[in-house]
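K.L.:
One structure coming up, written as C-alpha cells, with questions to follow.
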C-alpha cells in the first residue's frame with residue numbers, strides 16, 4: 001500500500017506528489033505552516049488526504065503552542081484558520097478540522113501535554129479510519145462491476161488521494177482483485193495532469209490494465225463502445241447529490257448520459273456536506289493561471305494569454321447513477337437517501 005503521510009518524531013512526513021511519477025520522495029515538515037503550503041502547492045492533494053494532512057498539521061502546530069490557556073486557544077485558532085483557507089472546495093478539510101476542534105475544546109481543562117497527546121491520537125485515528133472507509137467503499141463498489149468491465153476515470157482518486165487504497169481507485173482495486181477489470185481508461189486531467197502522472201502510476205504499481213487518453217478523447221472512446229462505466233471521486237457532495245470534482249468531470253457525466261453509460265461517484269460520507277443544498281453553493285477554487293499556460297514549467301502559449309482556471313466543476317445529481325460510500329451505494333432520490341445515512 002502506498003504511504004502518503006506519517007508522523008516521524010516532531011515532524012509530519014508527506015509524499016511529494018508534484019514529483020511523481022519521476023521521483024518517489026518524502027518530505028518531513030516540522031512547522032505547520034509548511035504543511036499548509038504543501039496543501040496549497042498540491043504536494044498533498046485529494047479531498048480525504050487534505051483533511052488528514054490538516055489534522056496532522058493542527059497536531060503539529062499545537063506541539064509548540066503557548067502554555068497559557070488563552071494564548072494556546074489563539075494559537076489554535078490561527079493554525080486552523082490557516083488550514084481552512086488552503087483549499088476551499090474539499091469539504092473533508094473542514095470536517096477534519098472540526099474533529100480536531102472537538103478534541104481541543106473537550107480538553108480545555110487538561111494540561112497542555114495531554115491536549116497535545118490527544119490531538120495526535122485523533123489525527124492518527126482519522127488516518128486509520130480513512131483506509132478502513134476506502135476498503136469498505138471498494139467492497140460495495142465492486143458489486144457494481146461485471147466481468148470484463150472497462151472503466152473510465154479522471155484525475156486521481158486513489159491511494160495518493162487518501163491514506164491508502166483510494167475512493168474511485170478503491171472500487172477499481174477491489175474489482176481487479178476478483179479479476180473483473182479488463183481495462184481502465186485514464187483521462188490525463190489537464191491542467192495539472194493528475195491522471196497521467198498519478199493514476200497511471202498507481203495502476204501500474206498494482207498491475208491493473210490501463211490506457212491513458214487525453215481529456216478530449218473521452219467522447220470518441222465512449223462512442224466506439226469501449227467504456228462500460230465511469231467512476232470518479234468527489235471533493236464535495238451537496239445534500240441533493242450534486243458533486244464537485246476535478247474540472248472535466250461534468251463533461252464526462254454529460255457524455256456518459258448521452259451514451260447510456262452508468263456514471264458513479266465514489267466518496268466517503270465525510271465528503272457529503274448536508275449544509276449545502278445544491279452544487280450551486282459549492283465554492284469552486286480558481287488556481288494559478290500558469291497551470292494552464294505551462295506544462296512542466298514550459299510555456300505552451302503566450303505568457304500573457306488570458307486564462308480561466310477553475311480547479312473543479314459540479315456534476316448535477318440527475319447525471320449520477322449512484323454514489324458509492326462506506327455505507328453502501330446510494331441511489332436517487334439523493335436528498336432523501338443521503339439524509340438517511342449522513343444525517344445533519
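K.L.:
May I ask you to list the residues in region 54-72 that are outside any loop (DSSP other than H, G, I, E, B) and either in contact (Cβ under 8 Å) with a residue 24 or more places away in the chain or under 19 Å from residue 284 (Cα atoms) (or both)?
P.N.:
Step one: filter region 54-72 for residues outside any loop (DSSP other than H, G, I, E, B), giving 54-62, 69-72.
Those that are outside any loop (DSSP other than H, G, I, E, B) and either in contact (Cβ under 8 Å) with a residue 24 or more places away in the chain or under 19 Å from residue 284 (Cα atoms) (or both): 54, 55, 56, 57, 58, 59, 60, 61, 62, 69, 72.
K.L.:
Give me the strands (runs of 3 or more DSSP E) completely within region 125-237, filtered to those with at least 3 residues that are free of Cβ contacts under 8 Å to residues at least 60 places away in the same chain and touching a helix residue (DSSP H, G or I) at 6+ places or on another chain (Cβ under 7 Å), ordered by residue number.
P.N.:
Where strands (runs of 3 or more DSSP E) fall fully within region 125-237 and carry at least 3 residues being free of Cβ contacts under 8 Å to residues at least 60 places away in the same chain and touching a helix residue (DSSP H, G or I) at 6+ places or on another chain (Cβ under 7 Å), they are 181-187, 210-213.
K.L.:
In contact (Cβ under 8 Å) with a residue 40 or more places away in the chain, buried (at least 19 other Cβ atoms within 10 Å of the Cβ) and under 22 Å from the mean Cα position of the chain (by Cα) - does that describe any residue in region 288-308?
P.N.:
Looking for residues that are in contact (Cβ under 8 Å) with a residue 40 or more places away in the chain, buried (at least 19 other Cβ atoms within 10 Å of the Cβ) and under 22 Å from the mean Cα position of the chain (by Cα), one finds none in region 288-308, hence no.
K.L.:
Also, quick follow-up: Only one of (1) farther than 28 Å from residue 162 by Cβ; (2) in a helix (DSSP H, G or I) is not met by residue 51, so which one is it?
P.N.:
(1)
K.L.:
Only one of 130, 182 is over 24 Å from the mean Cα position of the chain (by Cα) and at pLDDT 95 or above. Can you tell me which?
P.N.:
Values: 130 fails: over 24 Å from the mean Cα position of the chain (by Cα).
Exactly one of 130, 182 is over 24 Å from the mean Cα position of the chain (by Cα) and at pLDDT 95 or above, namely 182.
K.L.:
Now for a separate question. How many residues does region 73-97 hold that are part of a helix (DSSP H, G or I), surrounded by 14 or more Cβ atoms within 10 Å (Cβ to Cβ) and out of contact with any strand residue (DSSP E or B) (no Cβ under 7 Å at 6 or more places or on another chain)?
P.N.:
14
K.L.:
Right, here's the next one. What is the residue count in region 239-271 for residues that are within 22 Å of residue 85 (Cβ to Cβ), in contact with a helix residue (DSSP H, G or I) (Cβ under 8 Å, 6 or more places away or on another chain) and not in a helix (DSSP H, G or I)? It would help to see each step written out before you state the result.
P.N.:
As a first pass, look at region 239-271 and keep what is within 22 Å of residue 85 (Cβ to Cβ): 244-247, 270-271.
From what's left, in contact with a helix residue (DSSP H, G or I) (Cβ under 8 Å, 6 or more places away or on another chain): 244, 246, 270-271.
From what's left, not in a helix (DSSP H, G or I): 244, 246.
Summing the residues that are within 22 Å of residue 85 (Cβ to Cβ), in contact with a helix residue (DSSP H, G or I) (Cβ under 8 Å, 6 or more places away or on another chain) and not in a helix (DSSP H, G or I) in region 239-271 gives 2.
K.L.:
For region 283-319, name all the residues that are touching a strand residue (DSSP E or B) at 6+ places or on another chain (Cβ under 7 Å) and assigned to a helix (DSSP H, G or I).
P.N.:
293, 319
K.L.:
Given 27, 34, which one is surrounded by 13 or more Cβ atoms within 10 Å (Cβ to Cβ) and part of a helix (DSSP H, G or I)?
P.N.:
Criteria check complete, one pass: 34.
The values are calculated or read from the model by the stated rules, or taken from the named source; none is laboratory data. Keep in mind that what you see is a predicted model, and the values were worked out from it rather than measured. Cβ: placed from backbone, ideal geometry, glycine included. Neighbour counts: every protein chain shown.
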